[in-house]
Amino acid sequence: MTVQEEQARSARSYKLLLIFGMISIVMLFAGLTSAMVVSKSRPDWLTDYQIPQAFTISTVLILLCSATFHLAQRTIKQDQRSKTSLFLALTLVLGLGFVYFQFKGFDELFAHRLFPTGKSGSVTIAFLYILVYVHLAHMLGGILSLLLIIYNHFKQKYTAAQYLGIELGAIYWHFLDALWLYLFLFLYFFK
């Protein structure tokens with residue numbers, strides 16, 4: 001087996017593992033959103049709350065993240081290292097901005113006295129918190145992998161011929177983007 005065949009085989013294995021991981025994440029969120037649908041019949045279900053405006057801003061930021069990660073992937077394939085560095089850095093900054101605005105969204109909920117627990121707590125808001133926090137946990141994994149990608153990029157481990165790490169990171173990042181878009185639309189329209 002040649003080195004190229006071994007690399008291709010290894011790449012397929014890594015991609016398959018990533019796909020299995022993403023399928024399990026989809027199943028987790030399918031279960032959570034299904035539980036939310038079933039719980040809507042509860043008499044204490046809130047229907048008059050607004051999704052925090054900060055969640056809308058974070059949605060725009062994560063969409064921009066996907067665009068910059070895509071550009072990083074495209075420029076490494078063209079061996080444009082400085083542009084790849086710029087796009088990876090922009091992805092990190094936008095990703096951190098996404099996380100910041102997620103927490104600002106929680107501040108907005110608190111300001112409107114919408115709590116997940118306690119005397120004035122609501123099961124509706126508890127579900128919202130669970131969905132956002134579980135997504136943020138997966139986002140943390142994305143940010144950590146992005147930091148590793150940036151580190152490896154500066155160590156010059158990626159080239160136009162070998163960019164598997166960036167490709168896997170981009171796949172996961174786009175997945176997180178699509179997942180958040182689904183959750184945002186679900187939370188926005190499902191009341």
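Laid out as a table, the results:
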| quantity | calculated |
| --- | --- |
| Overall Cα dimensions of the chain, principal axis frame, Å, largest first | 64, 32, 24 |
| Two-decimal log10 I(q)/I(0) for the stretch 72-163, as the Debye equation yields it once each C-alpha is a single scatterer, q = 0.13, 0.18, 0.19 Å⁻¹ | -0.58, -0.80, -0.85 |
| Tilt relative to the chain, helix 123-154 - C-alpha long axis, 0 to 90 degrees, to 10 | 20 degrees |
| 13 Å Cα-Cα reach of K77 towards aspartates and glutamates, excluding residues that sit fewer than 8 places from it in its own chain | E167 |
| Zero-based 5 Å bins, Cα pair distances in the stretch 1-40, whole percents | 6, 22, 13, 13, 11, 8, 9, 6, 5, 4, 2, 1 |
| All-pairs Cα distance distribution in the stretch 128-191, expressed in whole percent, bin size 10 Å | 20, 40, 24, 13, 3 |
| Measure of compaction for the stretch 92-141 (Cα Rg per 2.2 N^0.38 Å) | 1.23 |
| Additional length obtainable on full extension of the chain from K104 to L164, 0.36 nm per residue less Cα span | 18.1 nm |
| Pairs from K104/K157; K15/K191; K15/K83; K15/K40 whose Cα-Cα separation, in the structure shown, is over 31 Å | K104/K157; K15/K191; K15/K40 |
| Size of the stretch 1-94 as Cα extents on the principal axes (Å, biggest first) | 64, 33, 13 |
| In nm, spacing of pseudo-spin labels at T56 and H174 (7 Å Cα→C-beta vector) | 2.8 nm |
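Read-outs: derived from the displayed coordinates by stated rules, not from any lab. On a predicted model such as this, the values are computed, not experimentally measured, just so you know. Glycine gets a Cβ as well: all are built from the backbone with ideal geometry, and neighbour counts include every protein chain shown.
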